[in-house]
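Worksheet: the structure to be examined is printed underneath.
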Amino acid sequence: MKIVAADVIVSSPDRNFVTLKITTDDGVTGLGDGTLNGRELSVVSYLRDHVVPLLIGRDPHRIEDTWQFLYRSAYWRRGPVTMAAIAAVDVALWDIKAKAAGMPLYQLLGGASRTGIMAYGHASGRDLPELFDSIRTHLALGYRSIRVQTSVPGINAVYGVAAQPNADGRRYDYEPAQRTPLPAEEDWDTRAYLRHLPGVFEAVRNEFGPELPLLHDGHHRMTPIQAARLGKALEPYDLFWLEDCTPAENQEALRLVRQHTTTPLAIGEVFNTVWDYQTLIREQLIDYVRSAVTHTGGITAMRKLLDFAAQYQIKSGIHGPTDISPVGMAAALHLDLAIHNFGIQEYMPHGRLTNEVFRQSFTFADGYLHPGDQPGIGVELDEQAAARFPYVAAYLPFNRLKDGTVHDW
Ligand code: KDG
Ligand code: MG
């Protein structure tokens, strides 16, 4: 088999997606996701200008060799753009291999280790009644694990809270990337957040009881000592995890957090290689790996990362917001089903237009996802539908403190 074409398709049904379609001389096609929220066109150029010419004529079955070739021959290693581009190629090649084998991808990864993939949904509210309604809605939809995000008095717009007004007054509706010429400015106050959040979790536990797994995303905003304090304050409410409590480029910082709290920690959605986790995993400073297949070099690299984590009883919590396309999501689900150290999968259903462009075989029922049993990863791209939605520039917001200082968003 030989690769005869590799096309980069950019579409913006509900939001921007970058999809790589690889075609072989046998007419088998494979899809990979290279979407990097707010920086999509840099991956498009990396693929079109620098990777596609290298793929033509290669044997699509040589996945490990292609991964190593793309990673090492660039000389310039790592980084979100490079690793998203490599991920797109890697997942497309696994899709082709599984289609050629006539099997769903999870079978090639060792077969199913479980019958379903526990997913968590995103509940949020501007106040407690709205938050409780959102949790009830998610429970009614079948979710059995729930992420809780809430507005904070004194802060105008907080990450992860649907229905709050945007900087420009429009409804936020979760999706943080906005189709505006400049990034929207949001505000932040860590002390107000630390004062408010434990009371919210106390109220949620009182209302919904002790059993429901609850998660929370700190979205990189605390210093290590602030994160330690929050983890400790949340201990009575038995969180499934506290995510991205600090900006984790500084892996050593997690030692301090860990010394002070037994709240489980999840980190890594902005990471893109196993090296970002070396200290975190070796010293058991985290409990869950948050990388996305789309941003961390694909199935090949994620499998190695999660096998490394498994040696330290650290589990998966693969990133799955709506800026991961259905292709990236499907790839994650095959891995989730196959690995032993699965923890939980983030799941935010895509919008109607996205589902018109990407036809998916994966299912969600009773709190559990399943990738389906179609050969390959189980996603088809409707290119005519995709062409109806051209790229629209969009940016993630950024934060400023009260005195105007830029803060982590
Ligand atoms: O593009 C940014 C989003 O992927 C990120 O803000 C989502 O933190 C996130 C999450 O946990 O899903
Ligand atoms: Mg997150």
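Brief remarks follow.
- Residue that is farthest from the chain's Cα centre (by Cα) [pool: residues in the range 125-178 that are within 16 Å of ligand 2 (Cβ to nearest atom) and modelled with pLDDT of 95 or more]: THR150
- Flag for ARG77 being more than 23 Å from the chain's Cα centre (by Cα) and either surrounded by fewer than 19 Cβ atoms within 10 Å (Cβ to Cβ) or over 27 Å from MET348 (Cβ atoms) (or both): no
- Pairs meeting the criteria (first residue in the range 30-41 and assigned to a helix (DSSP H, G or I), second residue crowded, with 24+ Cβ neighbours inside 10 Å, beta carbons under 9 Å, at least 6 apart or on different chains) are GLU40/ASN16; GLU40/PHE17; GLU40/VAL18; GLU40/GLY34; LEU41/ASN16; LEU41/VAL18.
- Single residue of GLY34, GLY38 found to be on the phi > 0 side of the Ramachandran plot, within 16 Å of ligand 1 (Cβ to nearest atom) and in contact with a Leu (Cβ under 9 Å, 6 or more places away or on another chain): GLY38
- Boolean, VAL44 is out of contact with any Ser or Thr (no Cβ under 8 Å at 6 or more places or on another chain), free of Cβ contacts under 8 Å to residues at least 40 places away in the same chain and in a helix (DSSP H, G or I): yes
- Set MET83, MET103: member being open to solvent by less than 10 Å² (accessible area, probe 1.4 Å) and at pLDDT 95 or above: MET83
- Selection from the range 313-331 of residues that are closer than 21 Å to ASP382 by Cα, within 16 Å of ligand 2 (Cβ to nearest atom) and crowded, with 24+ Cβ neighbours inside 10 Å: ASP323, ILE324, GLY328, MET329
- For the range 271-295, the set of residues classified as touching a strand residue (DSSP E or B) at 6+ places or on another chain (Cβ under 8 Å) and of a type outside the set (Val, Ile, Thr) consists of TYR277, LEU280, LEU285, ASP287, TYR288, ARG290, SER291, ALA292, listed by residue number.
- Any hit, the range 104-125, residues being under 16 Å from ILE22 (Cα atoms), part of a helix (DSSP H, G or I) and in contact with a helix residue (DSSP H, G or I) (Cβ under 8 Å, 6 or more places away or on another chain): no
- Filter result for LEU265 (over 30 Å from HIS61 (Cβ atoms), within 16 Å of ligand 1 (Cβ to nearest atom), buried (at least 24 other Cβ atoms within 10 Å of the Cβ) and assigned by the TED database to the domain that holds ARG147): yes
- Only one entry in VAL89, VAL51, VAL10 is more than 16 Å from ligand 1 (Cβ to nearest atom), modelled with pLDDT of 95 or more and touching an Asp or Glu at 6+ places or on another chain (Cβ under 8 Å), namely VAL10.
- Screening PHE342 against (1) under 21 Å from PRO264 (Cα atoms); (2) out of contact with any helix residue (DSSP H, G or I) (no Cβ under 8 Å at 6 or more places or on another chain); (3) of a type in the set (A, V, I, L, M, F, W, C) leaves a single unmet condition, (2).
- Some residue of the range 193-208 being in contact (Cβ under 8 Å) with a residue 40 or more places away in the chain, closer than 30 Å to ARG39 by Cα and crowded, with 21+ Cβ neighbours inside 10 Å: no
The values are calculated or read from the model by the stated rules, or taken from the named source; none is laboratory data. Just so it is clear, the model here is predicted, and its values are computed rather than measured. Neighbour counts are summed over all protein chains in view; Cβ atoms, including those assigned to glycine, are modelled from backbone coordinates with ideal geometry. Side chains included, ligands, DNA and RNA excluded: accessible areas come from the protein's heavy atoms. Shrake-Rupley method; radii C 1.70, N 1.55, O 1.52, S 1.80 Å.
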